[in-house]
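Here the structure comes first, spelled out in structure tokens, and everything after it is commentary.
The values are calculated or read from the model by the stated rules, or taken from the named source; none is laboratory data. All values derive from a computational prediction rather than experimental measurement. Don't worry about glycine lacking a Cβ; one is built from the backbone with ideal geometry, like all the others, and counts go over all protein chains shown. SASA here: full protein model, heavy atoms, side chains in, ligands and nucleic acids out. Shrake-Rupley method; radii C 1.70, N 1.55, O 1.52, S 1.80 Å.
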Amino acid sequence: MSNRKIWWRPIAHFAAHMIVGCMVFLIFGSISVGLALLVQTLERVNIPSMTLNMLAFIEHVILIVDGILFVVYVGIAGIGAIKEMSES
């Protein structure tokens with residue numbers, strides 16, 4: 001058996017990272033969407049605006065941090081894939 005690497009292995013590895021990263025992004029993104037729906041529901045029941053503003057702020061922070069971390073994760077996985085491709 002030869003020591004040649006399979007050419008599509010880095011691509012499959014990167015694709016697996018993207019699938020997992022997207023799933024994690026969607027899980028945390030859905031928490032943000034759930035908070036948005038909660039805020040809308042609580043607005044109808046006349047909850048104090050301070051509480052609503054705090055929940056809306058937390059919703060935005062979760063979504064922004066989730067997006068930033070996803071982009072960083074994609075970048076790191078991309079760099080790793082490029083290095084893995086260049087090794088073969």
Correct option for Rg and Dmax of the Cα atoms in Å [calculated from the coordinates] among (1) 20.2, 72; (2) 13.5, 40; (3) 26.0, 70: (1)
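Ignoring ligands, DNA and RNA, what percent of the accessible area of the range 13-88 is carbon or sulfur (1.4 Å)?
Result for the range 13-88: 79 percent of the exposed heavy-atom area is carbon or sulfur.
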Inter-site label distance for residue 71 and residue 20 at 7 Å from Cα along Cβ, in nm: 2.3 nm
Using a 1.4 angstrom probe, figure out how much accessible area the chain has per residue, in square angstrom, rounded to the nearest whole. 77 Å²
Spatial separation of Cα centroids for the range 1-51 and the range 54-83, in angstrom: 9 Å
Most fluctuating of 12, 77, 36 in the GNM of the chain (C-alpha, under 10 Å) is 12
